[in-house]
1. Can you check what the net charge comes to around A300, using other residues whose Cβ is under 15 Å from the Cβ of A300 (Lys, Arg +1; Asp, Glu -1)?
2. Suppose R0 equals 56 Å; then what is the FRET efficiency for I105 and E272 from their Cβ-Cβ distance, rounded to the nearest 0.05?
3. What residue among S373, F414, V390 has its Cα farthest toward the positive end of the dipole of the range 366-422, where the charges are +1 on Lys, Arg and -1 on Asp, Glu, each on the Cβ?
4. Would you list, by chain and number, the aspartates and glutamates whose Cα falls below 18 Å from the Cα of K255, excluding same-chain residues fewer than 8 positions away?
5. Place a label point 7 angstrom from the Cα of L315 along the Cα-to-Cβ direction, then list the residues of the range 216-231 whose backbone nitrogen is under 12 Å away.
6. Filter the chain for me: DSSP H helices, axial length by Cα at least 30 angstrom, mean Kyte-Doolittle hydropathy not below -0.5. List them by residue number.
7. Taking 0.36 nm per residue of sequence separation and subtracting the Cα-Cα distance, how much length would be gained by fully extending the chain between A236 and R50, in nm to one decimal?
8. Contact order normalised by length for the chain, with contacts defined as Cα pairs under 8 Å and 6 or more residues apart; what percent is it?
Amino acid sequence: MKISLPKNSRLQSEAFTFGVATASFQIEGGVDSRQTCIWDTFCATPDKIRDASNGDIACNHLNLWQEDIALITSLGVDAYRFSIAWGRVLNQDGSINQQGVDFYIGILDELKRRNIKAFVTLYHWDLPQHIEDQGGWLNRDTAYLFKDYADKISQAFGDRVYSYATLNEPFCSSYLGYEAGIHAPGLMKKAYGRQSAHHLLLAHGLAMQVLQKNSPNSMNGIVLNFTPCYALTQSAADIQAAKQADDYFNQWYIKPIFDAAYPDLLAALAPEDRPEIHDGDLELISQPIDFLGVNFYTRAVYQADAEQGFVQVDLPGVPKTDIGWEIHPQAFTDLLVSLNQTYDLPPIFITENGAAMDDKCIDGRVDDFDRLSYYQHHLTAVDNAIVQGVNIQGYFAWSLMDNFEWAEGYLKRFGIVYVDYASQTRTIKASGQAYSDLIRSRAHFTNNNNK
Ligand code: IFM
């Protein structure tokens, strides 16, 4: 089975970047050579992780990174998106941990040697625990610590990085971590969700200033995730419920960046739930970015609720991935077109898209045709958005390889490469082969062996 796209698709052009993505805590392991982070603590708390696992070893990428880069190269991708573990590159006192910095410099140099663009994310959820002990993202000072980290690390990396993202999915860090309690640090209060979101966005703004100064030639921006919200019925009440949910879960994170304002829903929050916003914060948050990273997996359907305003409805009988997320590629096109109509956007990169499937590795083969079909339909959805005028310049499959899927532990597999965790063997799945074939089939693609 293949992934095929129209011949004249922008995705077939030389200018379009195809990549694979990972994140530090999910693949690295090497817990002893970095500071303890909030996910170590969360994993050590009973009943937080479905299989009671942790990130101590994960995919052992800390030791296997050279093989992993060879694997990435063998796929023929143009780019690799990965994140830096804050607590691996800085010590608790804020000084540089040279061993940690050298680990990433090794990766960056190897990527450069192989002509693969490095897309670096500075924060993919692994906050050093000592910072959480001082309030974490509820403490405004954390935004300034993040700025300092961004400053030091971007100086240390020099010109090796093609693109920096400040944050990955601040929705997850704030809402899932501080409001719903299902991610680290596991706090549960509406006010905490809103306040941590504001401090994360402030951290983004502060770090952007530093990145534009220290690394003016890289594309610097932020990665946001979106779960578009649909009304269950066309009743005015359901439409309003979906709009409220969209403002709360999606627009909350993008509107401050492009419009220097939170959605009107802010005024409807109880006074005790409203975040503390200082004069000048929204100006800092809304400074220009070179690209917007968009992560998309699924959509959500809402109906009106007398008490809470909106509630999510679990639609019966719709196709779902192994993690229970509806497969709805049209929502991807709709999202991209709608963002483009609503905001004055810089170029977009799809920084994550992919599916968890119940893979089986049999005789060294993983025939994940369900995932392959997901990619076929979602790449077509991206192409459709481009045809409708959205400036999308790249696409990253989530994920390069199976890894630690947060509260699901190792039970959910998102990789286009299968990982046998006992032996740490990697096996390219049928979807990975199809993705690689698609990339190599582009007319301009000459010879990847020289990478
Ligand atoms: O695995 C995560 C990733 O870390 C962030 N975006 C969503 C993925 C799938 O849940």
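The values are calculated or read from the model by the stated rules, or taken from the named source; none is laboratory data. Note that this is a predicted model, so its numbers are computed, not measured. Cβ coordinates were reconstructed from backbone atoms using ideal geometry, including for glycine residues, and neighbour counts include every protein chain displayed. When the accessible area is computed, the model is the full protein with side chains, heavy atoms only, and any ligands, DNA or RNA have been set aside. Shrake-Rupley method; radii C 1.70, N 1.55, O 1.52, S 1.80 Å.
1. Numbers: positive: K243, R299, K320; negative: D238, D246, D247, D305, D314, E326, D334.
Net charge around A300: -4.
2. Numbers: r = 46 Å, r/R0 = 0.82.
The computed FRET efficiency comes out at 0.75.
3. V390
4. Candidates past the 8-residue exclusion: E169, D246, D247, D264, E276, D279, D281, E283, D290, D334, D344.
5. 228-231
6. Working: long enough: 190-214 (36 Å, -0.26).
Both cut-offs are met by 190-214.
7. On the way: separation 186, 0.36 × 186 = 66.96 nm, distance 3.88 nm.
Between A236 and R50, full extension yields an extra 63.1 nm.
8. On the way: 931 pairs, mean separation 86.2, N = 451.
The normalised contact order for the chain reaches 19 percent.
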